[in-house]
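The values are calculated or read from the model by the stated rules, or taken from the named source; none is laboratory data. Note that the coordinates shown come from a computational prediction; the quantities given were computed from them, not determined experimentally. Don't worry about glycine lacking a Cβ; one is built from the backbone with ideal geometry, like all the others, and counts go over all protein chains shown.
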Protein chains: 2
Amino acid sequence: MSSRNSKHAVGIDFGGTSTKLALVGEQGTILARARISTRKLTSRADWFDAVESGVEQLRVKGKKDLFGTGFCGMGVGVPGFVDFKRGYVHDLPNVPGWAGVHLAKDLEERFNVRAYIDNDVNAMALGECTFGTGRLYEHAVFITMGTGVGGGLLIHNQLYRGAHSMAGEIGHMPVKMDGGRSPLGRGALEQYVGNQRIVERAVRAIKKGRVSSILKKAGGDLDAITPKEIAQAATEGDQLGIEIFDFVGDCLATALTGVVYLLQPQVIVIGGGVAQSGEVLFGPLERHLRDRLKPVFAERVAVLPARLGNDAGVIGSATLALLS
Amino acid sequence: MSSRNSKHAVGIDFGGTSTKLALVGEQGTILARARISTRKLTSRADWFDAVESGVEQLRVKGKKDLFGTGFCGMGVGVPGFVDFKRGYVHDLPNVPGWAGVHLAKDLEERFNVRAYIDNDVNAMALGECTFGTGRLYEHAVFITMGTGVGGGLLIHNQLYRGAHSMAGEIGHMPVKMDGGRSPLGRGALEQYVGNQRIVERAVRAIKKGRVSSILKKAGGDLDAITPKEIAQAATEGDQLGIEIFDFVGDCLATALTGVVYLLQPQVIVIGGGVAQSGEVLFGPLERHLRDRLKPVFAERVAVLPARLGNDAGVIGSATLALLS
């Protein structure tokens, strides 16, 4: 595919430890990549300087006239609450110094291009729904499973952001009315299926003497267990791993039952690290979802893995500009 | 307000025991009413005959040239699953003989007017969001509490029906992952706050010897207790009544926490019989909702009672035609 005369945009996936940049073509193809370390940056000015060097890399690797003909602008997905319309960052809970920032305006002034910002999961959802699994659907729910559990909603082919750009927080939805408290609320989905919570279930059982191949897969080190080792063990028939993923699938199914009864999407797209576990996650999830939903609803919704993988963030961020 | 030259429509609120009809003006005002008994009707043909007599009453009471200038058509809200676009009734769970009916087409042929059908709660939500509490908002969630618990969603000023006209089933949303099973699923909101469930909580406690003024309000007859007596007792300080409404408010708050995190509406509008309980319901509901939601979400959503009361069904059904 030649992108010489077609549309392109820069997507920026803002992270606390590193920020990824990509030059993305109008079909969602990545034409060039760059990555800047953001762990040691102490000010926003440093971040803008680092982004400028990242954009320069994209220019060298991908397109000398980066901001020339066909350029649609720059999109940034940030890990926190934003006002999409105003291009304003309310707060990034895990990145100090970013509360109350007119990020889109600052980028436009710095680079003299159009800039768009959104919550990172919204950007991923937009990417998946434009170029990935969701592209054939008019109404879709996107969920990403990792350290946190986030979501995005496609309604009538448009990303739905709610009254104040904060909609889609599927990980905050309660699955247990009397569940424990956390900053998310009480008994929230993420309290049971966030990466760390999944790992804790395995560690607790192993410490109690449960026999499992999970520990061996982590080199005998309890601290080295991640959902990946648990998924591998489950795939090979490890009973503890299977039980943990059955529980994760049932928690997800509970929240998604509420989502389906409320919104009746055509498809639920699941992305993020844990979603790459494959059948050990999707099997129990589908089974519990069909057990919890009335057939008339269950028959009308598909559950599919996301396609863009680790590129969902940069592609989705660029999509903010490509679609504008 | 004169409606002589303005728009008007017929709204039909289809119920298993009676069907209400109204002639509704373009400001949502009821210009004439009729009611037909549907309890003893044994066929759909009988229902159409009864509706014809009801429409005739509207003509006599309200407007001699009912189907003349300014007439927008006929709207029907039905208690069940419909395909709005096709005007098709999938199934009315509590009314035998109505599965698989092209109701809009049948009405158009019988009356030679445009006809629209929708789920009854969707119609009520549309009425409330057009002429009632929701009219000032772009994104609203409507919930009706009665025998069942239903819902409707306003998104970008449009009723959102989902992929197959079945969205908005807030009463089916799970609040307890490990809750009991019912045809709705497991631990569904309606399993805890449907009229009968509220009454059961009171009856169970009284049978166990709990002292309460609820029984006296029901004339000493356990079988005569309804949510109304429980609400009255609670309003007067009865401890059992207060506890029951606190529980109902918390169940509602749990489901609505999920709804707010997912959709971030500007307002939640609560209608139906139980919603008329006033402060004994709204007090605990607001308190639990604000306890469960992050402040950044809680501060941005209003919880308000519906305004159209028992007329929500006919006004909403007419609105289907008025807005078309």
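Taking the criterion of being part of a loop (DSSP other than H, G, I, E, B) and more than 14 Å from chain A (Cβ to nearest Cβ), the residues of the range B:92-112 that qualify are B:94, B:95, B:96, B:97, B:98, B:102, B:112.
Here residue B:52 does not fit the description of being in a helix (DSSP H, G or I) and without any contact (Cβ under 8 Å) to a residue 24 or more places away in the chain.
Against the list (1) within 27 Å of residue A:263 (Cα to Cα); (2) assigned to a strand (DSSP E or B); (3) within 14 Å of chain B (Cβ to nearest Cβ), the condition residue A:89 fails is (1). Considering the range A:67-82, the residues that are over 11 Å from residue A:7 (Cα atoms) and in a strand (DSSP E or B) include one that is farthest from the other protein chains (Cβ to nearest Cβ), namely A:74.
Evaluated against (1) within 11 Å of chain B (Cβ to nearest Cβ); (2) surrounded by fewer than 18 Cβ atoms within 10 Å (Cβ to Cβ); (3) farther than 20 Å from residue B:184 by Cα, residue A:210 falls short on exactly one condition, (1). In the range B:126-168, the residue that is farthest from the other protein chains (Cβ to nearest Cβ) out of those that are within 25 Å of residue B:273 (Cβ to Cβ) and among the charged types (D, E, K, R) is B:128.
For the range B:55-66, does any single residue satisfy the condition of being outside any helix (DSSP H, G or I) and touching a residue at least 12 places away in the same chain (Cβ under 8 Å)? Yes, that holds for at least one residue.
Results for (1) buried (at least 23 other Cβ atoms within 10 Å of the Cβ); (2) closer than 22 Å to residue B:117 by Cβ; (3) more than 8 Å from every other protein chain (Cβ to nearest Cβ); (4) small (Gly, Ala, Ser), shown as yes or no for each residue.
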site: B:256; (1), (2), (3), (4): yes, no, yes, no
site: B:261; (1), (2), (3), (4): yes, no, no, no
site: B:269; (1), (2), (3), (4): yes, no, yes, no
site: B:280; (1), (2), (3), (4): yes, no, yes, no
site: B:286; (1), (2), (3), (4): no, no, yes, no
site: B:299; (1), (2), (3), (4): no, no, yes, no
site: B:308; (1), (2), (3), (4): no, yes, yes, no
site: B:316; (1), (2), (3), (4): yes, yes, yes, yes
site: B:322; (1), (2), (3), (4): yes, yes, yes, no
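Scanning the range B:10-35 for residues that are without any contact (Cβ under 8 Å) to a residue 40 or more places away in the chain and surrounded by 20 or more Cβ atoms within 10 Å (Cβ to Cβ), which turns out farthest from residue B:92 (Cα to Cα)? The qualifying residue farthest from residue B:92 (Cα to Cα) is B:25.
Exactly one residue out of B:215, B:222, B:189 is under 24 Å from residue B:254 (Cα atoms) and aliphatic (A, V, I, L, M): that is B:189. Among the residues of this structure, residue A:47 does not count as one that is in a loop (DSSP other than H, G, I, E, B) and surrounded by 15 or more Cβ atoms within 10 Å (Cβ to Cβ). Only residues that are more than 7 Å from every other protein chain (Cβ to nearest Cβ) and under 19 Å from the mean Cα position of the chain (by Cα) were counted in the range A:169-196, giving 11.
The set of residues in the range B:213-248 being surrounded by fewer than 23 Cβ atoms within 10 Å (Cβ to Cβ) and either within 14 Å of another protein chain (Cβ to nearest Cβ) or among the polar types (S, T, N, Q) (or both) consists of B:213, B:226, B:232, B:235, B:239, B:246, B:247.
Scanning the range B:98-107 for residues that are at pLDDT below 95 and either in contact with a Gly (Cβ under 7 Å, 6 or more places away or on another chain) or within 16 Å of residue B:49 (Cα to Cα) (or both) gives a single hit, B:98.
Checking the stated criteria, residue A:199 turns out to be in contact with a Pro (Cβ under 8 Å, 6 or more places away or on another chain), modelled with pLDDT of 95 or more and either away from every other protein chain (no Cβ under 11 Å) or under 22 Å from residue A:244 (Cα atoms) (or both). Only a single item in (1) touching a residue at least 60 places away in the same chain (Cβ under 8 Å); (2) farther than 30 Å from residue A:263 by Cα is not met by residue B:83, and it is number (2).
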